[in-house]
Each structure stands twice: as C-alpha cells, then as structure tokens.
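Okay, structure first, notes after.
The values are calculated or read from the model by the stated rules, or taken from the named source; none is laboratory data. Being a predicted model, the structure only gives us computed values, none of them experimental. We place every Cβ from the backbone using ideal geometry, glycine too, and count neighbours over all the protein chains shown.
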C-alpha cells in the first residue's frame with residue numbers, strides 16, 4: 001500500500017508513476033480543507049502530525065475501518081515514547097548571563 005498526499009506537484013507525479021508502473025494499492029489524498037483539524041488531537045500537536053494523522057486516516061479507510069473506529073484510535077494515541085515528550089516546563093528562562101559581554105569576557 002502506498003499512501004500519498006497529492007498536495008504538491010512532485011507527489012502528484014510520484015502517484016502517477018505508481019499508478020501506471022506498480023501493482024501497489026494506491027491511496028491518494030489532499031490535506032487542504034480536510035475534516036481532521038489539529039486542535040481535535042491535542043496529544044499530537046503540530047502541522048506535521050496533522051498530516052500524518054490524515055495519511056493514517058486514509059490508510060485505515062482503505063482497509064475498511066469506519067470513521068468512528070479511526071477517530072477514536074487517533075484521539076487516544078499519544079505518540080511513541082521519546083517523541084514529542086515533554087521533559088520539563090519553564091515559564092521563564094533567564095538569559096542575562098549569556099547576554100552580558102563582561103561576564104563572557106569580551
């Protein structure tokens with residue numbers, strides 16, 4: 001199976017090549033205006049994760065899963081360990097030591 005976002009010309013060309021020169025199950029999609037919005041999946045923040053979620057969604061649809069099954073799984077998936085893992089939270093970082101020329105010896 002090949003799941004390809006065809007938002008860009010280069011990926012459209014890849015999809016065309018696979019369509020004519022491969023017997024792979026080809027799933028193509030566009031992200032623009034897609035029903036899945038990143039704010040619905042706070043465990044996986046960021047545009048790159050939204051794009052990955054959309055790709056996973058279409059892969060699952062092509063395998064016969066329904067929307068309810070897919071969305072439920074995505075909403076509870078927190079990602080892999082050590083990926084987008086919050087290590088600490090700091091409201092303020094004091095950078096005065098790095099900004100002082102006298103302290104740096106200049």
Test of understanding: among 80, 44, which residue is modelled with pLDDT of 65 or more and surrounded by fewer than 13 Cβ atoms within 10 Å (Cβ to Cβ)? 80
Filtering segment 8-32 down to residues that are exposed (fewer than 15 other Cβ atoms within 10 Å of the Cβ) and closer than 16 Å to residue 57 by Cβ, which residue is modelled with the highest pLDDT? 25
With the structure loaded, tell me whether residue 72 is closer than 15 Å to residue 1 by Cβ and at pLDDT 75 or above or whether it fails that test. no
